[in-house]
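Report on the structure given below.
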């Protein structure tokens, strides 16, 4: 009697036994839902639902309470023709660009120094990260006193004219003070990320470069910078998003002044909420949200393929 033997032909890279066993969906343990559902509910109630309500009220004439009526796109039309709104966007974007450059350049140079063979580098790292743990509004009030009282007094005592007046009272220079104070607080966070990136580079790479005759500057430009490019991307992306939402330091330093010269988008929105422009500033907040999303997409496209650590 003839016997027919069936032979399983397994795909390349797999055994016949593995090919014969059908795939089954892995069962999700109930504990994961127990952990996920409360977080999802809280996120929806505190972020998603208020955001939807805000977008809804941006199409009304609501002042934040009482009766309201639908007005369509009137708030949005008025928004794009408001010079004060345009000025706040220009200031915020310019401030974010300048600050992200200042912070990353200084943080990277400090990280290079604090990972080199110097004494007391552990203690210095601790000192440099102190500003990161102090409240932004407290830092702003301290520097406000320095810019408004201490430095002018020093300028008058030494006879230096440009130092005798507070930089915060100058509408053309007040933004510099905001950049300096924001950078002072933000550098430690970027510094820690750069230190982590520099410590991840194998020492053998620098030893080989030294044997080949590369100078310290050549090692920095041709080895260190390319190998920490992913960390640079992280710092730029995170920093730029944070600086677009600048609020507390500006309030403590200039309160948006002189006039409205240093009023950020976030400050304009919050001020409008308490000034009876609830629906109008909700429209502003919606436009700002879309603006940030577009910038995020643009940044991801520009850095795609370069941000892998």
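Can you tell me which residue among 295, 211 is surrounded by fewer than 17 Cβ atoms within 10 Å (Cβ to Cβ), over 30 Å from residue 65 (Cβ atoms) and free of Cβ contacts under 8 Å to residues at least 40 places away in the same chain?
On the way: 295 fails: free of Cβ contacts under 8 Å to residues at least 40 places away in the same chain.
Sole residue among the options that is surrounded by fewer than 17 Cβ atoms within 10 Å (Cβ to Cβ), over 30 Å from residue 65 (Cβ atoms) and free of Cβ contacts under 8 Å to residues at least 40 places away in the same chain: 211.
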Given (1) more than 30 Å from residue 291 (Cβ to Cβ); (2) surrounded by 13 or more Cβ atoms within 10 Å (Cβ to Cβ), residue 91 misses just (1)
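Which is surrounded by 17 or more Cβ atoms within 10 Å (Cβ to Cβ) and either at negative phi or part of a helix (DSSP H, G or I) (or both), of 285, 261?
Numbers: 261 fails: surrounded by 17 or more Cβ atoms within 10 Å (Cβ to Cβ).
The conditions single out 285.
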By residue number, the members of segment 70-93 that are within 30 Å of residue 131 (Cβ to Cβ) and touching a residue at least 40 places away in the same chain (Cβ under 8 Å) are 87, 88, 89, 91, 92, 93
All-but-one check, residue 183 against (1) surrounded by 15 or more Cβ atoms within 10 Å (Cβ to Cβ); (2) under 17 Å from residue 251 (Cβ atoms); (3) modelled with pLDDT of 90 or more, failing number (2)
- Is segment 178-188 home to any residue that is on the phi < 0 side of the Ramachandran plot and not in a helix (DSSP H, G or I)? no
Residues of segment 227-236 being in contact with a helix residue (DSSP H, G or I) (Cβ under 6 Å, 6 or more places away or on another chain), over 30 Å from residue 287 (Cβ atoms) and in a helix (DSSP H, G or I), in sequence order, are 231
Residues of segment 152-170 being in contact (Cβ under 8 Å) with a residue 12 or more places away in the chain, more than 19 Å from residue 250 (Cβ to Cβ) and assigned to a helix (DSSP H, G or I), in sequence order, are 152, 163
The residue from 40, 36, 45, 49 that alone is over 26 Å from the mean Cα position of the chain (by Cα), within 30 Å of residue 286 (Cα to Cα) and at pLDDT 60 or above is 36
Residue 39: passes all of (1) loosely packed, with under 10 Cβ neighbours inside 10 Å; (2) touching a helix residue (DSSP H, G or I) at 6+ places or on another chain (Cβ under 9 Å); (3) under 30 Å from residue 129 (Cβ atoms) but (2)
Of (1) modelled with pLDDT of 75 or more; (2) over 30 Å from residue 278 (Cβ atoms); (3) part of a loop (DSSP other than H, G, I, E, B), residue 26 fails just (1)
Picking from 272, 239, 252, the residue that is part of a helix (DSSP H, G or I), in contact with a helix residue (DSSP H, G or I) (Cβ under 9 Å, 6 or more places away or on another chain) and within 24 Å of residue 113 (Cβ to Cβ) would be 239
The one condition residue 269 fails out of (1) within 29 Å of residue 174 (Cα to Cα); (2) crowded, with 17+ Cβ neighbours inside 10 Å; (3) touching a residue at least 24 places away in the same chain (Cβ under 8 Å) is (3)
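The values are calculated or read from the model by the stated rules, or taken from the named source; none is laboratory data. Note that the structure is predicted; figures quoted are calculated from it, not measured. Don't worry about glycine lacking a Cβ; one is built from the backbone with ideal geometry, like all the others, and counts go over all protein chains shown.
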